[in-house]
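Accompanying notes for the structure given below.
Bear in mind that the values in this text are calculations on the coordinates, not laboratory data. These numbers come from a predicted model, not from an experiment. No Cβ is skipped: glycine too gets one built from the backbone with ideal geometry, and neighbour counts run over all protein chains shown.
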Amino acid sequence: MVSSTRLVLRKRTQAPIPVSVLPGSKKRSRSKKGGAEEQEDYSNVCCEKCGSGEDADELLLCDKCDRGFHLFCLRPIIASVPKRSWFCPSCSNNKRLTTFPLVQTKIVDFFRIQRSSLSAEAPGQDGRKRRKRTGSSLVMSKKRRKLLPFNPSEDPARRLEQMASLATALIATGTEFSNELTYMPGMAPRSANLAKHEREGMQVISKEDSQTLNLCKAMMRRGEWPPLMVVFDSLEGFTVEADRFIRDLTIITEYVGDVDYLKNRENDEGDSMMTLLSAADPSKSLVICPDKRSNIARFINGINNHTPDGKKKQNVKCVRYDVNGECRVLLIASRDIAKGERLYYDYNGYEHEYPTEHFV
Ligand SMILES: [Zn+2]
Ligand SMILES: [Zn+2]
């Protein structure tokens, strides 16, 4: 049973055996079910951080130096074992990133942005209204608070830098850009994405929030993107920072990728699968798999659930909505976020993530 929003399935990397591991030397042990493959003896491996060899099934091995690290000793913790090769902090320092060229035409092509509109004009001149706060009358405070559209950086050059940073991360992870849920042959069809199948019902997005979501999508097609920068951190890998102040309840991004049946993916070790539909009939449950096609959502990191400070870092919430009868997953600011702050949400969120905190 999937009991969390993020699936945590795997203990060891499923990465291909690196060429640096020569015949006769140690091989990765595999945790595939029923795997009769050679299981190397890793009983001597200790964690480089805490020195303990306990919790061996949570010891992640570096694909380069073979040293061990507990998932929970890495800072921040790794919620699940990476699908691709994993390199420990000291080994990953040596990795050079290919930075995407800061060339407008290349960025426009990469993200398939409507060419005519990536202009110097300030974003948000299309009737996006700033809602006036009308005091705090009792009637107002009882109303559900509305989602806000993201507010792109005003400087077009800065927006290009933000996009280039995402392109860099997508290329480095072998991912194609997509800003929508994708339905591929052999996976779940679009017709399977029915919010009415959600076990205990799914929150229907309000008309106004739906318009806000559409506005965000339209802005992105024009190259007016959320003010986010993808940065590479030797400990966290790719991670996302706010590039300007982001207000509580702002739509950060939709979580996108290939939609598939959970049942097709139970042995899949995708490191960032997201629950899309948790159906009463488990065979109808769906997940989002962002490993082939995705957007910035897959680079937003999880909080460390093992420390009290982890919760404090959380500034983004993952919320599922019924949008025109289909399930969609949105990442929404759960408080005001300062410029430069990294974004974090709880990978182990509740199965039913209703924004009840928006109610007074
Ligand atoms: Zn440890
Ligand atoms: Zn290493």
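With both labels modelled 7 Å from their Cα along Cα-to-Cβ, the Asn264 to Arg247 distance reads 4.1 nm. Note on the stretch 170-314: Kirkwood radius taken over Cα pairs, Stokes-Einstein applied at 37 °C and 0.692 mPa s, translational D equal to 193 µm² s⁻¹. Using a cutoff of 8 angstrom between alpha carbon atoms and counting only pairs six or more residues apart, the relative contact order for the stretch 144-299 works out to 35 percent. A quarter of the convex hull surface defined by the alpha-carbon atoms of the stretch 222-305 gives 7.8 nm² as the mean projection.
Proximity of backbone amide H atoms, modeled 1.01 Å from N, is registered between Val81 and Leu9, Arg10 at under 5 Å, excluding neighbours fewer than 5 places apart on the same chain.
Once the cut-off is 13 Å, how many percent of the Cα-Cα pairs in the stretch 217-262 end up in the long-distance tail? Value for the stretch 217-262: 70 percent of Cα pairs lie more than 13 Å apart. Look at the alpha carbon pairs under 8 Å that are at least 6 residues apart: their mean separation over the length of the stretch 237-288 gives a relative contact order of 35 percent. Here the calculated FRET efficiency for Glu161 and Leu235, from their Cβ-Cβ distance with R0 = 30 Å, stands at 0.85, rounded to the nearest 0.05.
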